[in-house]
Structure formats: C-alpha cells, structure tokens
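Visitor: Here it is: the structure, laid out below.
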Amino acid sequence: MSRVKALVLSSGGVDSTTCLALAIEEVGKDNVTTVSIRYGQKHSIELDKAKEIAEHYKVNHQVIDLTETGIMDNSKCSLLTSSGVDIEHGDYASQIDKQTSGIVNTYVPFRNGLILSSAAALALSLYPDNEIDIYLGAHADDNAGAAYADCTPEFTKTIGQAINLGTYGKVNIKTPLINLNKAEVIREGLKLNTPYHLTWSCYEGGGNPCGKCATCIDREIAFKLNNISDPAL
C-alpha cells in the first residue's frame, strides 16, 4: 500500500478531473479521495458532477460545506447565489480589459486559500499516518493577467509552503497543470482516458451550458484545438 495518499480538489470540471486522472495514475485509486466544496455557488450542479465522476472512478468522495459559516454572504462575486450580481459573459481577456482593477467579477474572495486550508485539515483527519498530496487544478489560463490571484504559481507555492509547515511536513500541494493552458490540459487528459463526458464547466446554474460565460468559451476553444467535439454536449 502506498505511503502517499492523494486528495484531489474536484469541481467536476475539466481541470480537476484531469488532476484526478493523474493522481490515480500516480498512486492508484485506492489511495485517492476527491473533495468538493460547497460555498454558495450558483453552479451547484458541479457538486453533482464531482460525485458522479468519483463514482465513475470508484474513489472515496467528500464534501466540505462552507455555506454555514456565512463567510461569503457579503461578497458581490457573481458566482454566488447571495450576491444578486449577474455573471459577466465574454472571454477573460475582454473582461480584464474592462476592469480597472484587473479582477474579474467571477473571482470568489480567497476561495483557493479557504479550500486548500480546509482540505489540508481534512487530509490529516482522513490519513493521519500518511503523507498526503493535495491536487489543485489551477492552470496557466487561470492566472493569465492575474485574473485569479489565488491561481498563480506564486500563490500556490507560498500557501503550499505554509500548509506543509503547519502540518509537520505531511501535506503537500501539487499543481501539475500550472504551466499548461486549457487545450494542453485536455491533451494530457485524453492520454489518460479522462471522462470529460461527465464534466461541467459553465458558471450559470442552468440545466445546459450557456456557451457565453468565460469558462464555456475557454472549454469550447480547448476541445476544438484538440480536434474533437466536446464529449459532454
């Protein structure tokens, strides 16, 4: 049995599911747990997709619920049901150009900081006798223009050091996609037969992808660059 366990942060999307495929390849599915976060997102369908993907791989699945803390209740982030703000459509580059701050309105305040800290605590609880790698699916398109400051290599490296220090060296953060764009992420995932047909990316909370939000646009382009149709459509 592997001494190293893997905890994969799963949003049910392309990037986190590719990370899951990589983790299973590296340590075996019996050593992998997926973790999803409920934080008041409009697209809560991603939680259902994450569970479905975990069942596909037959791995343990956990959900951390941050909604009861009320920590996001005052945020104006458009991804949150409590904000009353519409999700802006269009690609990320266009959105950043419009924002004098450079911050897109789908940035959830310190989300990855909260998620990684919570996941580190969960990891130690689940695997007290092992070393644990937490897989985060941040990729190069996420940190382009620092649209998402908590997806940058600088952030993930620094918080990874803090988490490792605070867990007696037992928990590490892995970002295997950090230097890849979305098309390259999919290219790697296809080699591992990643079940992209089960994934969800759209920020809107409807029954079908809107095709207009930034993540829908990025997804469509990425699959086209790999010369395949989106298997989830």
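The values are calculated or read from the model by the stated rules, or taken from the named source; none is laboratory data. This is a predicted model, so every value here is computed, not measured. Virtual Cβ from ideal backbone geometry, glycine too; neighbours counted across all protein chains shown.
Visitor: Among the residues that make up region 110-133, is at least one of them more than 23 Å from Gly13 (Cβ to Cβ), among the charged types (D, E, K, R), part of a strand (DSSP E or B) and out of contact with any Asp or Glu (no Cβ under 8 Å at 6 or more places or on another chain)?
Guide: Taking every residue of region 110-133 in turn, at least one turns out to be more than 23 Å from Gly13 (Cβ to Cβ), among the charged types (D, E, K, R), part of a strand (DSSP E or B) and out of contact with any Asp or Glu (no Cβ under 8 Å at 6 or more places or on another chain).
Visitor: With region 144-233 as the region, which helices (runs of 4 or more DSSP H) entirely inside it contain at least 1 residues that are in contact (Cβ under 8 Å) with a residue 12 or more places away in the chain, out of contact with any His (no Cβ under 8 Å at 6 or more places or on another chain) and closer than 24 Å to Pro109 by Cβ?
Guide: 153-166, 214-225
Visitor: Take the residues in region 28-58 that are β-branched (Val, Ile, Thr) and touching a residue at least 40 places away in the same chain (Cβ under 8 Å); name whichever of them is nearest to Arg111 (Cα to Cα).
Guide: Result: Ile37.
Visitor: Moving on. Within 14 Å of the chain's Cα centre (by Cα) and under 22 Å from Thr156 (Cβ atoms), is that true of Ile115?
Guide: Spelling it out, Ile115 is indeed within 14 Å of the chain's Cα centre (by Cα) and under 22 Å from Thr156 (Cβ atoms).
Visitor: Considering only region 184-224, how many residues are of a type in the set (Gly, Ala, Ser) and under 20 Å from Glu25 (Cβ atoms)?
Guide: Here the count works out to 1.
Visitor: Find the helices (runs of 4 or more DSSP H) located wholly in region 1-103 whose residues include 3 or more that are at pLDDT 95 or above and surrounded by 14 or more Cβ atoms within 10 Å (Cβ to Cβ), and list them.
Guide: 14-27, 45-57
Visitor: Within the bounds of region 152-161, is there any residue that is surrounded by 15 or more Cβ atoms within 10 Å (Cβ to Cβ), at negative phi and charged (D, E, K, R)?
Guide: No, because not a single residue in region 152-161 is surrounded by 15 or more Cβ atoms within 10 Å (Cβ to Cβ), at negative phi and charged (D, E, K, R).
Visitor: I would also like to ask the following. Taking the conditions exactly as written (touching a residue at least 24 places away in the same chain (Cβ under 8 Å) and under 22 Å from Gly207 (Cα atoms)), does Leu66 satisfy them or not?
Guide: Considered against the rule, which asks whether it is touching a residue at least 24 places away in the same chain (Cβ under 8 Å) and under 22 Å from Gly207 (Cα atoms), Leu66 comes out as no.
Visitor: Quick check: is even one residue across region 184-202 touching a strand residue (DSSP E or B) at 6+ places or on another chain (Cβ under 7 Å), at pLDDT 95 or above and either under 23 Å from Glu88 (Cβ atoms) or among the hydrophobic types (A, V, I, L, M, F, W, C) (or both)?
Guide: yes
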